[in-house]
1. Among A:28, A:156, A:179, which one shows the biggest mean-square fluctuation in a GNM of chain A, springs joining Cα atoms closer than 10 Å?
2. Can you give me the Cα centroid spacing of the range A:205-239 and the range A:1-68 in angstrom?
3. On the Cα set of the range B:54-134, report Rg and Dmax in Å, please.
4. Just want to confirm a number: the relative contact order over the range B:102-222, from Cα pairs under 8 angstrom separated by 6+ residues, in percent.
5. Under the 0.36 nm per residue contour assumption, what length would be gained going from the current alpha-carbon distance of residue B:227 and residue B:256 to full extension?
6. Taking the inverse of the average 1/r across all pairs of different Cα atoms in the range A:90-248, what Kirkwood radius in Å do you get?
7. Along the three principal axes, how long is the protein assembly as shown when you take its alpha carbons, biggest first, rounded to the nearest angstrom?
8. Equivalent ellipsoid semi-axes for the range A:46-104, as square roots of 5 times the alpha carbon gyration tensor eigenvalues: give them largest first, rounded to whole Å.
């Protein structure tokens with residue numbers, strides 16, 4: 001009985017804490033987490049498609065650049081990349097600003113935390129997306145590309161009418177995977193001071209001394225975000241591969 | 001080249017008009033293997049030329065050299081009298097000098113492939129209008145109208161909104177022929193169009209091809225269909241080990257095989 005009473009107390013404390021403003025803060029945290037993830041995915045998509053193209057190129061130099069990119073950014077700890085971009089970026093910006101005289105010789109020009117964060121996570125996401133895009137391109141039926149050439153399509157038309165739609169279809173499952181990775185990587189941005197879910201949970205846990213409560217709530221919220229995205233990607237996959245599944 | 005080739009060349013209609021396709025001394029190696037050892041061919045408007053040969057004889061490679069899906073090592077290809085300009089790359093390989101010219105000429109040489117190669121993410125109708133609207137830049141409405149008429153002609157209009165993977169091989173190949181016709185091509189190139197089909201589906205595709213021959217289309221057909229070669233085509237060309245072994249009028253060729261190789265080849269088919 002005592003256990004139940006204890007639990008009741010816990011629940012009412014949790015309710016009070018969340019109602020006292022931490023709930024709203026956590027919701028904002030979710031918003032920032034999604035914003036970081038979406039922007040990082042977009043940066044990653046742009047970089048990833050360029051890197052995939054470089055890795056598929058006939059030119060040895062481009063292939064080397066592409067290979068190096070995916071090797072480095074998949075092989076380094078995410079946290080290191082984020083520190084490198086945020087603190088390293090701050091150092092570079094400060095140096096440049098001091099030398100041009102835009103700030104005083106003792107002032108510091110900080111890397112904007114959101115920008116530094118999404119650049120770092122976007123670059124990491126791009127390394128994984130590059131592999132997804134490359135695999136998808138290689139999975140396109142060669143004959144369909146050949147038909148596009150045989151019908152007089154220019155390289156640009158082949159890219160737009162045949163390659164992009166097919167790469168997107170083949171890439172959806174892999175991109176779903178990268179999306180989940182990127183949601184989780186976004187938590188690391190908390191070190192730069194973006195008030196996303198992880199940082200908010202951290203603050204709440206420290207200032208209220210209810211670590212168990214807030215980290216559990218944050219954990220559940222991350223799980224909700226990742227599990228909601230699964231059926232969304234499944235739906236996208238069903239739509240983009242409709243030409244290969246049996247018609248109803 | 002055997003004496004038969006020279007005789008056939010003389011017998012060919014030489015009205016002085018420009019040949020639709022003219023190929024001279026085409027050579028092509030894959031690594032150390034010489035696939036084409038100097039092939040020449042002339043196709044005039046309305047010709048239906050069946051290109052026969054056992055596998056490895058170079059017949060598909062020759063067809064693919066005409067629209068530059070393969071780049072010949074040497075020799076020249078003219079389409080409607082226009083020479084496809086070639087140049088040497090730094091490593092000494094021949095390559096097209098002007099890719100825009102190649103793209104323009106390809107649009108006049110619609111190809112039908114063994115494995116259909118329809119664009120699987122587009123419906124049949126979209127497959128038919130994609131190249132005419134984007135490559136030939138014709139108005140979409142006009143292309144759609146023509147596409148529907150062509151699909152009726154090849155008998156798959158009901159399937160116009162299907163995706164290719166949802167159709168039988170015979171239907172896909174008929175759609176691919178309609179896609180070729182939608183380009184209003186000067187010459188149609190068929191690369192073993194029935195070889196990937198189940199036997200019971202071959203007939204529907206051959207019927208369409210026969211009707212195209214009857215309306216005077218210029219066609220180069222790489223095929224193993226002896227009845228098509230004998231009964232439909234206006235000329236038969238037999239390739240053997242990368243060379244033109246014999247060329248001639250089909251009924252004559254089949255009745256009196258001009259070379260031992262061709263005799264052996266058709267004997268194997270009649271077994």
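Readers should treat all values here as calculations from the given coordinates under stated rules, not as data from a laboratory. Note that the coordinates shown come from a computational prediction; the quantities given were computed from them, not determined experimentally. Neighbour counts are summed over all protein chains in view; Cβ atoms, including those assigned to glycine, are modelled from backbone coordinates with ideal geometry.
1. Per the Cα network of chain A with a 10 Å cutoff, A:156 tops the list.
2. Here the answer is 9 Å between Cα centres.
3. 14.9, 43
4. Averaging sequence separation for qualifying contacts and normalising by length gives 36 percent for the range B:102-222.
5. On the way: separation 29, 0.36 × 29 = 10.44 nm, distance 1.58 nm.
Roughly 8.9 nm would be gained on extension.
6. Working: mean 1/r = 0.0509 Å⁻¹.
Result for the range A:90-248, one decimal place: 19.6 Å.
7. 104, 62, 44
8. 32, 16, 8
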